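Undergrad: Encoded as structure tokens, here's the structure I'll be asking about.
The values are calculated or read from the model by the stated rules, or taken from the named source; none is laboratory data. What you see is a predicted model, and the numbers here were worked out from it, not measured in a lab. Cβ sites come from the backbone with ideal geometry, for glycine too, and all protein chains shown count toward neighbours. To get the accessible areas, we keep the full protein, side chains included, count just its heavy atoms, and leave off ligands, DNA and RNA. Shrake-Rupley method; radii C 1.70, N 1.55, O 1.52, S 1.80 Å.
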Amino acid sequence: MVRVPGGTFLMGSDHHYPEEAPAHKVEVDGFWMDACTVTNREFAGFVEATGYVTLAERAVNPDDYPGAKPELLAPSSVVFIKPKTRVDLSNHYNWWAYVRGADWRHPRGPASSIKGRSDHPVVHVAYEDAEAYAKWAGKELPSEAEWEFAARGGLDGAEFVWGDELAPGGKHVANTFQGEFPSQNKVEDGYEWTSPVTAFPPNGYGLYDMAGNVWQWTADWYQEHNKIDSPCCTLQNPRGGKREESIDPRQPEITIPRKVMKGGSFLCAPNYCQRYRPAARMAQPVDTSTCHVGFRCIVRQS
């Protein structure tokens with residue numbers, strides 16, 4: 001873990017997606033933060049020690065999800081499926097699919113594995129999975145403000161974690177999507193999917209992957225500052241809740257509570273989802289795990 005000093009910073013942005021506005025001053029106390037997102041190796045240690053079973057691996061009670069499609073009730077998780085041709089970007093079902101048997105051990109489906117990827121970020125973790133790991137480790141999940149302050153690394157007001165240029169000197173410094181999303185990834189940064197957690201340079205506080213690679217859960221319930229025009233990243237999973245709610249227009253009878261996730265992922269691209277910036281934020285249903293969402297933890301003590 002690395003020490004993140006407390007301070008006041010300008011949170012959000014008035015120049016990008018509406019959900020980031022308005023930019024406003026926020027003060028946070030100092031804390032310790034994991035230098036990297038939790039890896040497959042670390043999560044495997046947690047599972048071995050506790051016998052924990054992630055949400056994606058569990059059977060679903062159909063009584064909890066009235067009207068849900070039967071195929072969505074089997075243990076499954078959301079996986080990116082790259083289209084072979086250009087598709088309508090207004091419909092994210094063109095590249096997202098629920099895949100039975102996809103979970104943290106099988107990130108691209110049941111035929112895949114994490115062999116050789118111990119130092120990659122764990123994915124397919126729902127909010128309660130991240131929370132369970134944090135509790136076991138004697139840590140917590142960061143608030144949205146703590147996460148964003150840490151991501152900025154002392155560069156208050158900068159466009160990116162590392163400054164104001166996306167690719168300084170023509171060099172990619174985060175794992176993002178180069179090319180025309182979702183069908184053409186040029187892989188100029190060397191990684192089509194996740195990358196090892198220290199593959200790219202850390203920010204000013206010594207924190208790795210505060211932009212790109214995987215989205216990261218925060219502890220905050222999502223509150224809408226302004227309407228999201230294009231929720232680029234997730235399907236809605238048919239698992240219900242009572243707090244901040246999101247609705248899948250294909251199944252409006254099912255409402256789902258949401259938390260804020262930050263940081264963007266290897267699927268964020270200039271032509272579609274420019275959310276590899278510290279100000280960016282997304283509403284993630286708490287019951288939904290995907291192939292591009294992970295987490296890191298903090299400790300709030302001096």
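Undergrad: Please work out how much length the chain gains when fully extended from Ala74 to Arg300, using 0.36 nm per residue of separation minus the C-alpha to C-alpha distance, in nm with one decimal. Intermediate results must be reported in sequence, preceding the final value.
TA: Working: separation 226, 0.36 × 226 = 81.36 nm, distance 3.77 nm.
Difference between extended and current length: 77.6 nm.
Undergrad: So, with +1 on the Cβ of K and R and -1 on the Cβ of D and E, and no other charges, what is the size of the charge dipole of the chain about its Cα centre, to the nearest 20 debye?
TA: In debye, rounded to 20, the chain gives about 700.
Undergrad: Of the listed values [x] 12; [y] 20; [z] 26, grab the one calculated as percent of Cα pairs over 35 Å apart from the structure here.
TA: Checked against the structure: label [x].
Undergrad: Pairs to check: Lys115/Lys262; Lys186/Lys262; Lys84/Lys262; Lys84/Lys139. Give those whose C-alpha atoms are more than 31 Å from each other in this structure. Don't skip to the answer; put the middle values down first.
TA: Numbers: Lys115/Lys262 27 Å; Lys186/Lys262 24 Å; Lys84/Lys262 29 Å; Lys84/Lys139 42 Å.
In this structure, Lys84/Lys139 lie more than 31 Å apart at Cα.
Undergrad: Also, quick follow-up: Take the alpha carbon atoms of the stretch 124-174, find their center, do the same for the stretch 52-103, and report the distance between the two centers in whole angstrom.
TA: Between the Cα centres of the stretch 124-174 and the stretch 52-103 lies a distance of 26 Å.
Undergrad: At a 1.4 Å probe, what is the % contribution of carbon and sulfur to the accessible area of the chain?
TA: 49
Undergrad: According to a simple spin-label model (label point 7 Å from Cα along Cα-to-Cβ), what is the distance in nm between Asp119 and Leu10?
TA: With each label point 7 Å from Cα toward Cβ, the separation is 3.7 nm.
Undergrad: Which cross-chain or sequence-distant (5 or more) residues have an amide H under 5 Å from the amide H of Asn175, H modelled 1.01 Å from N in plane?
TA: Here the answer is Asn213, since their amide H atoms fall under 5 Å of that of Asn175.
Undergrad: Calculate, for the stretch 40-173, the solvent-accessible area per residue in square angstrom, rolling a 1.4 angstrom probe over the heavy atoms of the protein chains.
TA: Averaged over the residues of the stretch 40-173, the accessible area is 50 Å².
Undergrad: Tell me what the chain gives for mean residue ellipticity at 222 nm when only DSSP H runs of n ≥ 4 count, each as -39,500 (n - 2.57), the sum divided by the residue total, rounded to 500 deg cm²/dmol.
TA: When only DSSP H runs of four or more count, the value is -3000 deg cm²/dmol.
Undergrad: Classify the stretch 145-203: rounded, prolate or oblate, from the alpha-carbon gyration tensor (a ≥ b ≥ c, eigenvalue square roots; a/c under 1.5 rounded; otherwise prolate if a/b is larger than b/c)?
TA: prolate
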